[in-house]
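*Asks:* Would you mind keeping the following structure in view while I ask a few things?
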């Protein structure tokens, strides 16, 4: 039950963070492209790889903390459904080039972020 409550609390924080990043990105870069969703998804990919790999390499990494960060916070922060909807909506609205850019940049950047997160975890845990 304790793990469940930590995951719920962290999920609320992740959701709030996603909202604030979306508002900030819309004000900073405009709303014609889903910059906020791109930012949270790439950051989330980096962080989930970093935290999960560190939890594997550090025997004393608390399981409740790992679940709170990955399932809770990052689950609330990242959003595949928004990415998919916004990409399709761009295409439907005639911005097919922007839809393709969003799909390509998100896919490549998220995979690159996972690789960078894993590499960072290896560097941190080997020090």
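The values are calculated or read from the model by the stated rules, or taken from the named source; none is laboratory data. Predicted model, so just to flag it, every value in this text is computed and none were measured. Heads up, the Cβs are rebuilt from the backbone with ideal geometry, glycines too, and the neighbour counts pull from every protein chain shown.
*Asks:* Of all residues in the range 30-74, which are closer than 30 Å to residue 97 by Cβ, free of Cβ contacts under 8 Å to residues at least 24 places away in the same chain and assigned to a helix (DSSP H, G or I)?
*Replies:* 35, 36, 39
*Asks:* Next question. Could you tell me which residue of the range 94-127 is surrounded by the most Cβ atoms within 10 Å (Cβ to Cβ), considering only residues that are modelled with pLDDT under 95 and not in a helix (DSSP H, G or I)?
*Replies:* In this case the residue turns out to be 126.
*Asks:* A follow-up question, please. Kindly indicate which of 71, 52, 79 is touching a helix residue (DSSP H, G or I) at 6+ places or on another chain (Cβ under 7 Å), crowded, with 20+ Cβ neighbours inside 10 Å and at pLDDT below 95.
*Replies:* From the options 71, 52, 79, the qualifying one is 79.
*Asks:* Mind listing whichever residues of the range 1-15 are part of a helix (DSSP H, G or I) and without any contact (Cβ under 8 Å) to a residue 12 or more places away in the chain?
*Replies:* Across the range 1-15, the qualifying residues are 4, 5.
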